[in-house]
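The values are calculated or read from the model by the stated rules, or taken from the named source; none is laboratory data. Small disclaimer: the values here were computed from a predicted structure and weren't measured. No Cβ is skipped: glycine too gets one built from the backbone with ideal geometry, and neighbour counts run over all protein chains shown. Accessible surface areas use protein heavy atoms only, side chains included; no ligands, DNA or RNA. Shrake-Rupley method; radii C 1.70, N 1.55, O 1.52, S 1.80 Å.
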Amino acid sequence: MKPENPLHLLSQKCTTGCPIIDRVLSGGIPCNSITELVGESGCGKTQLCLQLLLSAQLPISHGGLRASSLFIHSEFPFPLRRLKQLSLSFCSSHPHLLPSQDPCDFIFVRAVQSAEELLVLFDRIDALLTCPPSKLPVKLIVIDSIAALFRSEFENTPADLKRRSSLFFRISGKLKLQAKRFGLSVVVTNQVVDVMGSDGINGLRVGNLSSLYSSGRRVCPALGLAWANCVNSRLFLSRNDEIVSKDSGLVDGGDGGTDVVRTRKLQVVFAPHLPEAACNLLQILSTAKISRLTVALYSTD
Amino acid sequence: MEVADLPLSPSQRAKLISAGYTTLSSLSALSPPHLACDLNISEYEALEILRMVASQSSKTFGGTKAIVVGAQTAWDMLHEENFITRITTSCAELDNILGGGISCKEVTEIGGVPGIGKTQLGIQLAVNVQIPVDYGGLAGKAIYVDTEGSFLPERVFQIAEACIKDMVENSHFRRKDFQTCQDKLQPNAFLENIFYFRICSYTEQVALINYLDKFISEHKDVKIVIVDSVTFHFRQDFDDLALRTRVLGGLALKLMKVAQKFSLAVVLLNQVTTKFSEGSVCLALALGDSWSHACTNRIILYWDGNERYAYIDKSPSLRSASAPYSICGQGGNQISFTLQSCPEELIDQQDITIQQLGEKDIYVNYRFNVITGNLGQLNLVLACQFEGWREEQGGSVGQGTTAMRSSAHCSNAGSPLVGVRLPTFPASV
């Protein structure tokens with residue numbers, strides 16, 4: 001066994017494609033570690049993941065990994081149309097930076113229905129990682145979502161919970177092993193559960209924020225304390241809708257009526273390399289202009 | 001005294017000498033089964049020989065010397081304890097309750113929930129152990145055993161930078177040649193002096209801990225071993241909990257031995273788990289009750305409101321106490337305020353004025369300009385860092401950071417003025 005010199009450790013990061021988020025994450029999603037995205041449905045978790053699949057293909061000089069990616073999904077259906085939309089706008093905004101082919105050629109997708117299936121998949125993943133079917137190596141694994149695999153199968157008895165947490169550690173151990181061997185950046189998404197009452201085990205403070213709020217409700221990440229021990233960094237995405245009347249000047253060209261201002265917020269709950277930080281992602285849903293919804297959410301414009 | 005002079009039967013003497021035991025000291029540390037095996041005699045016979053050796057050696061060396069090699073009198077130990085070195089945690093209050101820092105020759109376990117700062121404390125210790133002797137450090141090296149993958153070099157670099165800055169600040173009162181010292185202190189050198197092992201399975205972890213003895217005897221300047229975390233791989237595949245307890249017990253013994261032999265500090269980071277007892281759920285450090293005997297000291301990190309606290313849960317020499325500590329981005333040496341508001345894009349650079357510096361409270365006003373239109377509710381976080389704060393008469397030094405949240409509602413572009421009182425300053429400031 002030989003020690004490594006910390007000076008020579010690679011700390012590569014994969015850009016998220018959004019300068020504001022990149023600044024909060026000091027460059028993006030780090031390699032050799034597991035980053036968890038937590039948020040209620042409709043927060044933009046999958047959206048951010050899809051964007052990562054594309055930006056991973058950017059050259060290293062542009063913050064990417066110059067790599068293809070593997071998307072493991074347990075929530076159905078796979079958002080193929082959205083990916084197609086994003087890849088088109090991605091192609092047009094980075095015309096010279098991408099390999100000549102369609103960006104979707106560098107994204108491998110695999111559906112997984114149970115935790116056992118996921119574990120079996122990890123054993124077979126070596127072939128994909130050592131000799132990738134495309135010309136770019138696989139450097140990014142996204143699992144969307146980890147919570148969906150565990151939320152139905154297990155009961156709330158001590159024996160089941162124990163079996164569940166041992167599965168967490170096995171999955172995380174395998175992921176970290178692969179991440180170390182191949183320099184992978186691993187992203188997993190997780191759902192939230194509501195917190196009832198003020199304390200109890202769900203009200204336990206984990207990380208920088210004493211409590212997490214989304215859509216005005218107090219929430220906490222699913223899968224409990226055991227899973228929180230399995231990830232290296234945890235990012236929390238939340239959203240808040242606020243109804244504002246149009247003549248307040250928030251939206252230009254307002255003609256009366258109301259708008260919904262949706263603020264999405266990304267907060268660092270804990271990460272070994274990041275201070276407590278947050279950024280807002282503002283989005284305005286006009287009742288008249290629903291089409292604006294599809295403007296790429298996590299872009300600066 | 002030689003074996004040849006012992007009142008033994010000639011055959012036994014011949015066996016001892018042919019097996020290579022010629023002096024008494026070579027015999028005194030042996031156990032009867034070991035000797036029986038070496039000489040091919042019965043265990044009872046071996047025991048008799050060893051008894052003889054013990055009685056002979058106590059006669060020759062007099063009563064004050066230990067009968068068994070390796071044992072010490074309590075008096076000697078007390079004398080030795082005065083020379084035990086400690087590694088500072090860089091937090092004055094935590095050092096206070098620990099009696100100066102993490103002590104060498106002992107195994108210390110630090111546990112807490114995710115995000116409380118276990119890894120940060122681990123990295124800080126790996127850096128602090130390298131503080132040169134001139135600056136009151138140990139000038140040692142560190143072994144960092146990473147089982148979780150949370151060791152990021154960029155963070156180590158930051159901590160090393162802050163540590164150097166601290167050293168330079170504190171020393172410039174008494175040293176004139178600090179400029180030259182500063183040139184010698186480079187963050188990169190701090191990183192190079194950390195031996196980093198990334199462990200991906202429990203078998204590797206066991207193997208590495210067995211190997212530590214050999215590695216450290218080749219690198220004698222290692223003064224701390226940090227295992228971050230000892231738990232992770234042992235929560236995966238162990239259905240046989242009895243086996244897990246045995247393996248962990250073995251590890252703990254090895255680590256204690258290493259700590260004693262090379263007089264270095266061993267720091268084990270541990271996770272927190274929920275424990276079911278009598279139908280209710282409570283928090284406890286992972287790895288079970290039997291593990292709690294494995295470490296000499298046990299420190300638990302926890303949240304109290306918005307402040308992090310460390311609590312000494314178990315220690316043979318320190319009394320139970322708790323102390324607040326904080327984790328900050330970069331060590332600062334003066335009070336500095338930054339307005340961390342979001343989105344940053346929408347706010348112009350703010351100006352912040354300290355309005356009143358009371359005995360314990362500081363009133364701060366901050367003003368900012370909104371660039372793009374209206375924002376509705378703005379969440380503002382005013383972070384305040386203060387380190388090395390020096391009172392003019394008392395000379396006490398305070399350290400820490402605190403953050404105050406407030407929100408301002410701005411309906412149109414303008415410059416709202418928000419006053420904030422920072423309530424949680426420690427008494428020393």
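With the requirement that a residue be polar (S, T, N, Q) and away from chain A (no Cβ under 11 Å), what does the range B:262-276 give you?
Residues of the range B:262-276 polar (S, T, N, Q): B:263, B:270-271, B:273-274.
The one that is polar (S, T, N, Q) and away from chain A (no Cβ under 11 Å): B:SER263.
When you go through B:GLU169, B:GLU106, B:GLU93, B:GLU154 one by one, which is the residue that is open to solvent by 20 Å² or more (accessible area, probe 1.4 Å) and without any contact (Cβ under 8 Å) to a residue 40 or more places away in the chain?
Values: B:GLU169 fails: without any contact (Cβ under 8 Å) to a residue 40 or more places away in the chain; B:GLU106 fails: without any contact (Cβ under 8 Å) to a residue 40 or more places away in the chain; B:GLU93 fails: without any contact (Cβ under 8 Å) to a residue 40 or more places away in the chain.
Just one listed residue meets the conditions, B:GLU154.
Scan the range B:220-249 residue by residue and report those that are closer than 22 Å to B:THR88 by Cβ, open to solvent by 60 Å² or more (accessible area, probe 1.4 Å) and either in contact (Cβ under 8 Å) with a residue 60 or more places away in the chain or not in a loop (DSSP other than H, G, I, E, B) (or both).
Selection gives B:ASP221 alone.
Could you figure out which of (1) touching a Lys or Arg at 6+ places or on another chain (Cβ under 7 Å); (2) away from chain A (no Cβ under 11 Å) isn't true of B:ASN193?
Result: B:ASN193 passes all but (2).
Yes/no per residue for (1) at pLDDT below 75; (2) touching a strand residue (DSSP E or B) at 6+ places or on another chain (Cβ under 8 Å); (3) among the aliphatic types (A, V, I, L, M):
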site	(1), (2), (3)
A:LEU167	no, no, yes
A:GLN178	no, yes, no
A:ARG181	no, no, no
A:PHE236	no, yes, no
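Hey, B:ILE67 hits all of (1) modelled with pLDDT of 85 or more; (2) within 30 Å of B:PRO316 (Cα to Cα); (3) open to solvent by 30 Å² or more (accessible area, probe 1.4 Å) but one; which does it fall short on?
(1)
Identify, by number, the condition in (1) away from chain B (no Cβ under 14 Å); (2) buried (at least 21 other Cβ atoms within 10 Å of the Cβ); (3) among the hydrophobic types (A, V, I, L, M, F, W, C) that A:PHE76 doesn't meet.
It is condition (2) that A:PHE76 fails.
Listed residues A:LEU129, A:LEU118; which is open to solvent by less than 30 Å² (accessible area, probe 1.4 Å), assigned to a helix (DSSP H, G or I) and more than 21 Å from A:ALA228 (Cβ to Cβ)?
Working: A:LEU118 fails: more than 21 Å from A:ALA228 (Cβ to Cβ).
Answer to the selection: A:LEU129.
Go over the candidates A:ARG66, A:ARG110 one by one and state the one that is in a strand (DSSP E or B) and either surrounded by fewer than 21 Cβ atoms within 10 Å (Cβ to Cβ) or touching a His at 6+ places or on another chain (Cβ under 7 Å) (or both).
Details: A:ARG66 fails: in a strand (DSSP E or B).
After applying the criteria, what remains is A:ARG110.
Just the residues that are without any contact (Cβ under 8 Å) to a residue 60 or more places away in the chain, crowded, with 23+ Cβ neighbours inside 10 Å and within 11 Å of another protein chain (Cβ to nearest Cβ), please, taken from the range A:1-47.
A:PRO6
Whether any residue in the range A:207-230 is within 11 Å of chain B (Cβ to nearest Cβ) and of a type in the set (Val, Ile, Thr) is what I want to check.
Checking the range A:207-230: not a single residue is within 11 Å of chain B (Cβ to nearest Cβ) and of a type in the set (Val, Ile, Thr).
State yes or no: is A:ILE171 of a type in the set (Val, Ile, Thr), open to solvent by less than 60 Å² (accessible area, probe 1.4 Å) and not in a helix (DSSP H, G or I)? Break it down into steps so the answer makes sense when it comes.
Working: of a type in the set (Val, Ile, Thr): yes; open to solvent by less than 60 Å² (accessible area, probe 1.4 Å): yes; not in a helix (DSSP H, G or I): no.
Against the criterion (of a type in the set (Val, Ile, Thr), open to solvent by less than 60 Å² (accessible area, probe 1.4 Å) and not in a helix (DSSP H, G or I)), A:ILE171 does not qualify.
Determine which single condition A:ALA67 fails, assuming it passes every other condition in (1) within 15 Å of the chain's Cα centre (by Cα); (2) farther than 20 Å from A:ARG234 by Cα.
The failed condition is (1).
What are the residues in the range B:277-296 that are assigned to a strand (DSSP E or B) and open to solvent by 40 Å² or more (accessible area, probe 1.4 Å), if any?
Those that are assigned to a strand (DSSP E or B) and open to solvent by 40 Å² or more (accessible area, probe 1.4 Å): B:SER277, B:SER280, B:VAL281, B:CYS282, B:LEU283.
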